[in-house]
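Structure first, then comments.
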Amino acid sequence: MRSSVVFRLSIPQKILAYSALVFLSIPALLPLLWMVSTSLKNDAQLFVQGDASAQPLTLGRLIPHPFVWQNYPTALNMVPFFTYLQNTLLLCAVTVIGACLSSAVVAYGFARIPFKGSKLLFMVMISTMALPSQVTMIPIFALFRWLGWYGTYLPLTVPTYFGVPFYIFLLTQFYKSLPNELSEAARVDGASEWTIFARVIMPLSKSALVTCALFQFLGTWNDFFGPLLYINDPSRYTLAYGLQQFLGAHGGEWAQLMAASTLFTAPIILLFFFAQRIFIQGIATTGGKN
């Protein structure tokens with residue numbers, strides 16, 4: 001029998017612990033606060049007379065006086081923001097579905113179906129994670145161009161339907177932690193491997209699959225290099241690539257640029273706050289075999 005020890009903190013200890021956490025989070029939050037603050041300022045507040053770098057960073061400089069909310073609709077009118085948002089959400093949906101389904105199938109094969117050479121193949125698959133994307137960039141680009149996919153979303157979506165090594169690794173570890181008795185009972189009832197995978201394993205994999213989906217969503221949302229390589233039509237730009245185009249066309253309008261950047265960042269922050277419990281649970285359950 002396992003004995004668990006629960007540590008209960010007193011009120012002064014809790015205050016001290018939370019104060020330390022808030023203090024340590026300031027370096028990570030300061031750039032975000034500065035971005036939001038800049039998005040609500042006018043040019044007079046941004047371009048301080050004299051040597052701005054010599055002036056100390058005070059709370060008065062961080063808080064806009066007054067708040068210029070007009071920067072947000074102005075930024076939305078400068079670029080086709082909602083077109084970029086629609087393109088990005090479309091790519092996120094397609095890649096999340098492809099990456100999660102294909103990775104789950106491959107991971108189930110590695111974890112639950114023994115076959116000769118499975119360990120070697122698994123190690124080869126894991127080793128591909130060590131390859132920098134710059135190493136394979138040129139041959140992959142040449143392949144997609146030869147296939148006639150340049151200028152389309154196919155190079156950004158099709159590869160996710162052939163499994164993602166990192167997600168395969170996470171899901172393999174999770175499937176190994178599930179009791180074999182579940183699959184054996186289904187086989188006794190005459191279920192095939194596909195039936196076991198779809199009706200037994202997949203319903204138990206929600207937390208792990210949500211974790212992979214969040215990783216893929218964040219990766220696609222923040223992807224700048226992929227659209228830069230393969231998309232040449234402005235109507236197909238994503239938000240990450242569209243912000244770079246905004247910088248090139250309106251480089252001196254920092255308040256509007258920060259407003260567009262805030263709008264780009266806000267959905268990611270909200271998504272994490274709503275899904276953090278499932279995300280943390282998925283990370284914990286994919287750590288290894290119990």
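The values are calculated or read from the model by the stated rules, or taken from the named source; none is laboratory data. Quantities reported herein were computed from a predicted structural model and do not represent experimental measurements. Please note: Cβ atoms are built from the backbone with ideal geometry, for glycine as well, and neighbour counts cover all protein chains shown. Just so you know, the surface numbers come from the protein's heavy atoms only, side chains and all, with ligands and any DNA or RNA stripped out. Shrake-Rupley method; radii C 1.70, N 1.55, O 1.52, S 1.80 Å.
Carbon and sulfur: what percent of the range 77-288's accessible surface (1.4 Å probe)? It would help to have the intermediate numbers written out before the result.
Details: 8070 of 11540 Å².
So the carbon and sulfur contribution to the accessible surface is 70 percent.
Counting only heavy atoms of the protein chains, get the accessible area per residue of the range 77-288 (1.4 Å probe) and round it to a whole Å² value.
Result: 54 Å² per residue.
Can you give me the solvent accessible area of Met123 with a 1.4 Å probe, rounded to the nearest 10 Å²?
Rounded to the nearest 10, that gives 120 Å².
Of the candidates Lys14, Lys119, Lys176, which one comes out as most mobile in a Gaussian network treatment of the chain with C-alpha springs shorter than 10 Å?
Lys14
What net charge do the residues around Leu182 carry, taking every other residue with its C-beta under 12 Å from that of Leu182, with Lys and Arg at +1 and Asp and Glu at -1?
Residues close to Leu182 contribute a combined charge of 0.
Give me the count of lysine pairs in the chain whose alpha carbons sit under 28 angstrom apart, restricted to pairs 8 or more positions apart or on different chains.
Working: Lys116/Lys176; Lys116/Lys289; Lys119/Lys176; Lys119/Lys206; Lys119/Lys289; Lys176/Lys206; Lys176/Lys289; Lys206/Lys289.
Close lysine pairs under the 28 Å cut-off: 8.
Could you state the per residue volume, in Å³, of the convex hull enclosing the Cα atoms of the range 77-288? Write down the numbers at each step before the final one.
Working: hull volume 31.3 nm³, N = 212.
Considering the Cα atoms of the range 77-288, their hull volume per residue is 148 Å³.
With every protein chain left in place, what is the accessible area of Asp189 in Å² (1.4 Å probe, nearest 10)?
130
When the helices in the chain are scored as -39500 (n - 2.57) per DSSP H run of 4 or longer and the sum is shared across all residues, what 222 nm value do you end up with, to the nearest 500 deg cm²/dmol? Don't skip to the answer; put the middle values down first.
Working: 15 runs with 197 residues, N = 290.
Rounded to the nearest 500, the figure is -21500 deg cm²/dmol.
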